[in-house]
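Some notes on the structure that comes next.
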Amino acid sequence: MDVAMSAAEREAFLAEPWIGVLAVHDSRGDRAPLQTPVWYDYQPGGDVAVITGQANLKTRFIRESGRFTLCAQDPASPPRYVSVEGPVVAIDEHVDSGVREAMARRYLEPADVEKYLESTRGMAVDYIVIRMRPEHWSATDYGKLG
């Protein structure tokens, strides 16, 4: 039995608010790819958006390589996952407060959104948004096994 997701299934899955694991190639070539958990946003047919700090290693590697991979999984049984890789199509050097709030609302309970926004307000001046166009997909749903 085939456990692959259709294009519509994989896009709908990725649009859900899973914690993603972003992986990017080490441009220096002296270590394995860097992987880090991230919040992300995605709408079917669109780009993957990640908010991150300007000065971190992940951002440097993404700027140098021009692409990254994001994997999102449902840890419940039976497991499902989507992995998508592609080129960076935009880097917004400043994060609009509305974009930051929308990301927080995607992942947090309503009662926690304002607390999160307030507690990270000072760090937010250094945040950027990196947008990746999905080019290569891998998606599996073990629930299709029956």
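Observations
- Cβ-placed point charges (K, R +1; D, E -1), dipole of the chain about Cα centre in debye, nearest 20: 320
- Just checking the listed ones, Pro17, Pro110, Pro87: in the Gaussian network model of the chain with Cα springs under 10 Å, the one fluctuating most is Pro110.
- Averaging the Cα positions of each part gives two centres, and for the range 8-33 and the range 67-120 these lie 12 Å apart.
- The overall shape of the chain, judged from the alpha-carbon gyration tensor, is oblate: a/c is not under 1.5, and a/b is no greater than b/c.
- Helix 97-107 axis, angle to the chain major axis (alpha carbon atoms, nearest 10°): 40
- Sequence-distant contacts, meaning Cα pairs under 8 Å at least 6 residues apart, place the relative contact order of the range 7-139 at 29 percent.
- Between helix 110-119 and the chain: long-axis angle, C-alpha atoms, 0 to 90°, nearest 10: 40
- Two-site label geometry, Ala15 and Tyr107: point separation in nm, points 7 Å out along Cα→Cβ: 2.1
- Scanning the chain for trypsin sites (Lys or Arg not before Pro) that sit in a DSSP loop and have at most 13 other Cβ atoms within 10 Å, the longest stretch containing none of them is 32-146.
- Cβ-Cβ FRET estimate between Ala124 and Ser6, R0 fixed at 30 Å, reported to 0.05: 0.20
Computed from the coordinates by the stated procedures, all read-outs in this text should not be read as laboratory data. Computed from a prediction, not measured in an experiment: that's the story for all the values here. With ideal geometry, Cβ positions are generated from the backbone for all residues, glycine too; neighbour counts draw on all protein chains shown.
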